[in-house]
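Single-structure report; data block below.
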Amino acid sequence: MNIHEHQAKEIFRRYGIPVPQGIACFSPGDVKAAAQKLIDETGNEVVVVKAQIHAGGRGKAGGVKVVKGADAAQGVADELFGKVLVTPQTGPEGKEVKRLYVEQGLAIKSELYMALTVDRETRKVVVMASTEGGVEIEEVAEEHPEKIHKIWIDPAVGLQGYQIRQLAFGLGMNKAQQKGFRKLLSSLSELFVKEDCSIAEINPMIITEDDSVVALDAKVNFDGNGHFRHKEWTELEDPNETHATEREAAEAGLSYIQLDGNIGCLVNGAGLAMSTMDTIQHFGGSPANFLDVGGGASQESVTKAFKIILQSDKVKGIFVNIFGGIMKCDIIANGVVAATKELGLQVPLVVRLAGTNVEQGKAILAESGLNITPADTMAEGAQKIVELAGAAG
C-alpha cells in the first residue's frame, strides 16, 4: 500500500525524524494561505510546492517547484492542480494532481540517499545509503554501484551502533552530522518495523548549512499483509490513486492488478498467477491483469472475477489456470460455466484444471456445450490462448 509524501512525513514526525514544516492542500485556494503561514513561522520567503501523486520522478516531470513568496506559490498551484504528470513510474497515461504539499525552503549543503527495504534473499532488512541523493537510485545502481553502501539488520539484535557509524563514514559525514544521522536512522529503523513497511525511502536526505540531517522527501510503502494490525491505514488510502476496477476487486476479496495486455488471467495463488503471466509472455502474449481468486473462491467470486476482467476493452481472450487444493476443480468449473452463460462471453476462453476433483471439473466443462477450450498443462493453455486471442484481435 502506497501513501503520499505529506502522510509519510506525518509518520516521520511521530518518530522524531526531522522533516521541514509543511502543509497539505486539497484545493488551489488553500495554497497561498498555507505558503504565507510557513513564511510567517519560519521567516523564510522560499517555499516548495510539491505535487502529491503515488509515483517517483515528480521533480523531473515538473511536479516540484521552488518559489519565493506566497503569490508565486499560488501561481504554481494554479498550474499544477489538475495537471497530469508523466513519470517513469506512472506509465504513459500519467497521474492527475489532486493535492499539493507546500513546504518551507531549506538551505542545502549536500543531498544524500537512504532507504530501508526487505532483502528477501537474506530475509533481513537492508539499509541502503548513497552520496548520490536527489536522483533516481536505479541510475546510480547501474552507473556507479560502488557509491551505494549497504548494511543488513539482524532481526535478533536490531540495528547496531557500529553499522550506523559504518554508513556515516561511507557518506563522508563529520562528527556533528553523524550525531543527527544516528538519531534519524535509528528512528527510521524503528518506524520500519513497527509500521509494517515494505520500503521507507528518503531521497534526498539533506545536510543543511548548520550540519543538521533532515528528511527532505519521504516515501513509505506498507506491507499489505500487516493490514490487520493497522486499521488506521484505511484513513490514509487515496481512492484517486487506485484504479476503480482494482478497488472493486478488493471489495470482492480478489487480488487484482490491471495491466496493459490483451489476455485476461484468472488464477488461484499468487505464485501460480505470476508463472501464468510469464508463460503467456513466453509464447508471445501479453497479460491484461494479475488476478488471484484465492484458495476459497466460490462460484459467485469466479463470476465476479470474469466481470472484472472483461471491464477492460483490451481483453481479447481469457486464460483460467487452476491448481485445485482447497479450491476444488469442480467448483471452479461450475463457476466458469455460470459466468460464461451469464455474461454471454464473446472472447476465446481456455481453461486448464489440475488437482482436486479435476476429472469432475473437466466433465462439467465438456458437458456444458459452451465454447471452452481445454488444456492439460499451463504451457499448453498459454500457447492456445495466445493463438486464439491473436486470431480474435
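The values are calculated or read from the model by the stated rules, or taken from the named source; none is laboratory data. Quantities reported herein were computed from a predicted structural model and do not represent experimental measurements. All Cβ positions, even for glycine, are placed from backbone atoms using ideal geometry, and neighbour counts span all protein chains on display.
Here region 228-249 is the region considered, the condition is being in contact (Cβ under 8 Å) with a residue 60 or more places away in the chain and outside any loop (DSSP other than H, G, I, E, B), and the residue that is nearest to the chain's Cα centre (by Cα) is 241. Taken over region 202-227, residues that are within 24 Å of residue 179 (Cβ to Cβ), assigned to a loop (DSSP other than H, G, I, E, B) and of a type outside the set (Gly, Ala, Ser) amount to 5. No other residue among 98, 65 is assigned to a loop (DSSP other than H, G, I, E, B), under 19 Å from residue 26 (Cβ atoms) and not small (Gly, Ala, Ser) apart from 98. Only one entry in 218, 252 is under 28 Å from the mean Cα position of the chain (by Cα) and either under 28 Å from residue 310 (Cα atoms) or among the aromatic types (Phe, Trp, Tyr) (or both), namely 252. One residue stands out in region 237-292 among those that are of a type in the set (Ser, Thr, Tyr) and surrounded by fewer than 19 Cβ atoms within 10 Å (Cβ to Cβ): the one that is modelled with the lowest pLDDT, namely 242. Residues of region 207-237 that are in contact with a Lys or Arg (Cβ under 8 Å, 6 or more places away or on another chain) and of a type in the set (D, E, K, R): 209, 211.
Results for (1) surrounded by 18 or more Cβ atoms within 10 Å (Cβ to Cβ); (2) farther than 16 Å from residue 204 by Cα, shown as yes or no for each residue.
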{"residue": "10", "(1), (2)": "no, yes"}
{"residue": "20", "(1), (2)": "yes, no"}
{"residue": "24", "(1), (2)": "yes, yes"}
{"residue": "37", "(1), (2)": "no, yes"}
{"residue": "76", "(1), (2)": "yes, yes"}
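One residue is enough: does region 316-336 have a residue meeting the conditions under 14 Å from residue 263 (Cα atoms), surrounded by 18 or more Cβ atoms within 10 Å (Cβ to Cβ) and among the small types (Gly, Ala, Ser)? Checked region 316-336: at least one residue is under 14 Å from residue 263 (Cα atoms), surrounded by 18 or more Cβ atoms within 10 Å (Cβ to Cβ) and among the small types (Gly, Ala, Ser).
Okay, residues lined up against (1) acidic (Asp, Glu); (2) assigned by TED's automatic domain parsing to the domain that holds residue 136:
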site	(1), (2)
1	no, yes
11	no, yes
30	yes, no
47	no, no
52	no, no
57	no, no
64	no, no
70	no, no
80	no, no
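Here residue 6 fulfils each of the conditions (1) within 17 Å of the chain's Cα centre (by Cα); (2) under 19 Å from residue 74 (Cβ atoms); (3) not in a helix (DSSP H, G or I) apart from (3). Being in contact (Cβ under 8 Å) with a residue 24 or more places away in the chain, outside any helix (DSSP H, G or I) and among the polar types (S, T, N, Q) is the filter here, so list the residues in region 346-370 that pass it. If the condition is that a residue be in contact (Cβ under 8 Å) with a residue 24 or more places away in the chain, outside any helix (DSSP H, G or I) and among the polar types (S, T, N, Q), then 356, 357, 368 are the ones that fit. For region 112-142, the candidate set comprises residues that are surrounded by 18 or more Cβ atoms within 10 Å (Cβ to Cβ) and more than 22 Å from the chain's Cα centre (by Cα); within that set, the residue that is farthest from residue 39 (Cα to Cα) is 130.
If the condition is being out of contact with any helix residue (DSSP H, G or I) (no Cβ under 6 Å at 6 or more places or on another chain) and in a strand (DSSP E or B), then region 114-128 contributes 114, 115, 117, 118, 119, 124, 125, 126, 127, 128. Taking (1) at pLDDT below 90; (2) buried (at least 16 other Cβ atoms within 10 Å of the Cβ); (3) farther than 22 Å from residue 279 by Cβ in turn, residue 368 satisfies each apart from (1).
Close Cβ contacts (under 6 Å, 6 or more residues apart or on different chains) running from residues in region 322-341 that are more than 8 Å from residue 299 (Cα to Cα) to residues that are surrounded by 19 or more Cβ atoms within 10 Å (Cβ to Cβ) and of a type in the set (Phe, Trp, Tyr) comprise 339/306. A Cβ distance below 6 Å, combined with a sequence gap of six or more or placement on separate chains, defines the contacts here; from region 62-79, residues that are among the charged types (D, E, K, R) reach residues that are in a loop (DSSP other than H, G, I, E, B) in the pairs 68/45.
Mind listing just one residue for me: the one in region 371-393 that is in a loop (DSSP other than H, G, I, E, B) and not hydrophobic (A, V, I, L, M, F, W, C) and, of those, farthest from residue 331 (Cα to Cα)? Step by step, filter region 371-393, then rank; the result is 393. You will find that of 311, 258, the residue that is in contact with a His (Cβ under 9 Å, 6 or more places away or on another chain) and closer than 23 Å to residue 1 by Cβ is 258 and no other. Checked against the criterion of being within 24 Å of residue 136 (Cα to Cα), of a type outside the set (Phe, Trp, Tyr) and touching a strand residue (DSSP E or B) at 6+ places or on another chain (Cβ under 8 Å), region 221-234 contains one or more residues that satisfy it.
With respect to (1) crowded, with 16+ Cβ neighbours inside 10 Å; (2) at pLDDT 90 or above; (3) within 30 Å of residue 28 (Cβ to Cβ), the lone exception for residue 108 is condition (1).
Take region 208-251 and flag every residue that is in contact with an Asp or Glu (Cβ under 7 Å, 6 or more places away or on another chain) and more than 15 Å from residue 12 (Cα to Cα).
Kept after step one, since they are in contact with an Asp or Glu (Cβ under 7 Å, 6 or more places away or on another chain), are these residues of region 208-251: 217-219, 222-223, 226, 229-230.
If the condition is that a residue be in contact with an Asp or Glu (Cβ under 7 Å, 6 or more places away or on another chain) and more than 15 Å from residue 12 (Cα to Cα), then 223, 226, 229, 230 are the ones that fit.
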